[in-house]
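Inspection log for the structure reproduced underneath, given as structure tokens.
The values are calculated or read from the model by the stated rules, or taken from the named source; none is laboratory data. From a predicted model like this one, the values you see are computed outputs, not experimental measurements. When we count neighbours, we look across all protein chains shown, and the Cβ atoms used for this are built from the backbone with ideal geometry, even at glycine. These area figures cover heavy atoms from the full protein model, side chains too; ligands, DNA and RNA do not enter into them. Shrake-Rupley method; radii C 1.70, N 1.55, O 1.52, S 1.80 Å.
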Amino acid sequence: MSGSVPELWRQQGEILTEYKSKFENNQDVAVELPTGTGKTMVGLLIGDWRRRKYRRPVLYACPTQQLANQVASVAKREGMPSVTLLGSHAKWSRVDQSKYDGAEALGITTYSAIFNAAPKVGGPGTIVFDDAHAAEQYVGEAWSVLVSRSKHSHAYFALLKALRPGLGGMFYQSLEQPSADVRARLDLRLVVPLRRPKMAEAINEALALLPEGESAWWCWHSVRAGLASCLVYVSWREILIRPFIPPTSENEPFTGATQRVYLSATLGHAGELERSFGRPEIARLPLPDGRSPRSGRRYFIFADLATADPVKLATEVMTAAGKALVLATSTDAAKGAAEELNVNGWPVLTKDNIETNISAFAKGTHVILALAGRYDGIDLPDDACRLVCLEGLPDWAHLQERFLGSNLRAKIALEERTRTRVVQGAGRATRNPSDHAIVLIRGGGLTRYLTSPVVREALDPDLQAEIDFGLANSREVSIEDLLENTEVFLEQGDAWRDNAEPNITEARRSVERRDPAGSALLAASAPYEVQACTAAFRGDFVGARNAAQHAAQALSGDDTVRYYRSLWLYLAAVWSFGAT
């Protein structure tokens, strides 16, 4: 068809050949292709081939509707029959659904269409998950009941009453107050219902007060059967109730599929993929030669390290780039950063403007797109965007992560997620080997994070070299020099190719990727963690206890994971209580 890809890249062809010869019959297989190297095409080809061969429905799942529409455009361009199943199932075209059910076309949908209290996607034979490295948020939220103090006041205070036996007196009093000091607002406690007689029943009664039809109400229906196995994270602003690992084994479309294919920009080395999808074992299909193909050139500017005022520098860089994508950890932070940097009075777009299509930003000029937590699922190649601003360190996406990182001091268990978010966020505007974009780093936490040698050593060598170059050319550099470097980079002319590019290339040759300490133990523990949480959700607390003990044993021998190991020893003890 017109505009279709004339031929596959070498790494795409090798991946498909390897898949066909060794992984066709695996229940779970992860395919690694870094950002901008044809991951979507590989996933579509695998899905369409399995649809034709096995004559069973195939789903291609994306994190967002915008990305699903983008994938549908690729499928159409390549002549692959496909339909989109997006939004409420009541609004799906009956003709399109019939084509999907009859294995006449690929069904392109979102994670939320699969992972919810009442999925309507039928019985797919194969499910292809795009951007699987970012799945924890999209999968876990289906079993995460988030009760907001401001939005669900009646349910929140009813929950507090139900949880009171597990909360300290002073902490409980601070939660009752209509206002609280900063420390009280940041305080966080863990309550395990299984330890307290009748607490699970009281929690269930409180959750019945949630407004019917809201997302929290639906999530309550997803976790009701395993409420006793859930963990409850309590703060002044909100209460989160969820299993530690999502019980995907209870989701019929997911477990009923003959094969689940996970497309990932990075497979990781600490078992994060298994935890995210609740699968004890996922086969890996890495790049054949172990060498990541280039996905474009990034120029890192660390605004807090230059001699210039960080805000003035950032606004000047944004003006030179002409438009910007601002990624932050929260909506308030994203909007705040966009407003602070928008000295030119450009239009500021938010998620509502790009929910189904990103063209309002990609085709616009002098515009800012401010998004919260969207480190994946946004593709802005070439002139669609030349500047990504990363605002703050994306280390804690929800209360469970905050508890692990802050209360438990087990940041090592979150390191792979944090690193992936930063890497993927930095790559939103470099989507092919010849692409280029500036990555503007703002905030002390993110700056310190990327300055750490341990963090950088865990990155791909190309990215290591780019960050090293950015640090060297940001520290105590004047605003004039930085802006001159910015113009040189954006021009991509001889000045950049003859001076900067050789330095980055040489730096890339001198580094190699190293797993952080404790990664191997975390990977060894992951299958037992999944087994433990699956058993607990089903009420098999003997099996849960035994698997948790195996997880703790797998985590033995390295101080870097000792706090995370303590959690699994604690859960083993709790589930022993449930087994009696």
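Laid out as a table, the results:
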| read-out | value |
| --- | --- |
| All helices (runs of 4 or more DSSP H) inside segment 496-580 with 3 or more residues being open to solvent by less than 10 Å² (accessible area, probe 1.4 Å) | 519-537, 541-554, 562-579 |
| Restricting segment 115-136 to residues that are assigned to a loop (DSSP other than H, G, I, E, B), in contact with a strand residue (DSSP E or B) (Cβ under 9 Å, 6 or more places away or on another chain) and not hydrophobic (A, V, I, L, M, F, W, C), the residue that is most open to solvent (accessible area, probe 1.4 Å) | 122 |
| Residue match in segment 93-107 (condition: within 27 Å of residue 242 (Cα to Cα), open to solvent by 40 Å² or more (accessible area, probe 1.4 Å) and not hydroxyl-bearing (Ser, Thr, Tyr)) | no |
| Condition met for residue 164 (assigned to a helix (DSSP H, G or I) and surrounded by fewer than 15 Cβ atoms within 10 Å (Cβ to Cβ)) | no |
| Helices (runs of 4 or more DSSP H) completely within segment 396-456 that count 1 or more residues being open to solvent by 30 Å² or more (accessible area, probe 1.4 Å) and over 20 Å from residue 562 (Cβ atoms) | 415-426, 444-451 |
| Test: residue 197 is farther than 25 Å from residue 541 by Cβ, at pLDDT below 95 and surrounded by fewer than 18 Cβ atoms within 10 Å (Cβ to Cβ) | no |
| Residues of segment 71-101 that turn out to be touching a Ser or Thr at 6+ places or on another chain (Cβ under 7 Å) and assigned to a loop (DSSP other than H, G, I, E, B), as a count | 4 |
| Residue list for segment 347-371, restricted to those being open to solvent by 40 Å² or more (accessible area, probe 1.4 Å) and in a loop (DSSP other than H, G, I, E, B) | 347, 355, 356, 357, 363, 365, 366 |
| Enumerated helices (runs of 4 or more DSSP H) restricted to segment 181-223, each holding at least 3 residues that are closer than 18 Å to residue 118 by Cα | 215-223 |
| Residues (under 20 Å from the mean Cα position of the chain (by Cα) and either of a type outside the set (A, V, I, L, M) or open to solvent by 30 Å² or more (accessible area, probe 1.4 Å) (or both)) located in segment 17-52 | 28, 32, 34, 35, 36, 37, 38, 39, 40, 43 |
| Residue satisfying all of: in segment 45-55; touching a strand residue (DSSP E or B) at 6+ places or on another chain (Cβ under 7 Å) and touching a residue at least 60 places away in the same chain (Cβ under 8 Å); farthest from residue 10 (Cα to Cα) among these | 51 |
| Residue satisfying condition, being over 30 Å from residue 275 (Cα atoms) and either surrounded by 14 or more Cβ atoms within 10 Å (Cβ to Cβ) or of a type in the set (A, V, I, L, M) (or both), within set 182, 145, 139 | 182 |
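Each row is one residue, and each column tells you yes or no for (1) of a type in the set (D, E, K, R); (2) farther than 23 Å from residue 414 by Cα; (3) open to solvent by 10 Å² or more (accessible area, probe 1.4 Å); (4) modelled with pLDDT of 95 or more.
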position	(1), (2), (3), (4)
245	no, no, no, yes
250	yes, yes, yes, yes
256	no, yes, yes, yes
260	yes, yes, no, yes
264	no, no, no, no
269	no, no, yes, no
281	yes, no, yes, yes
285	no, yes, no, no
288	no, yes, yes, no
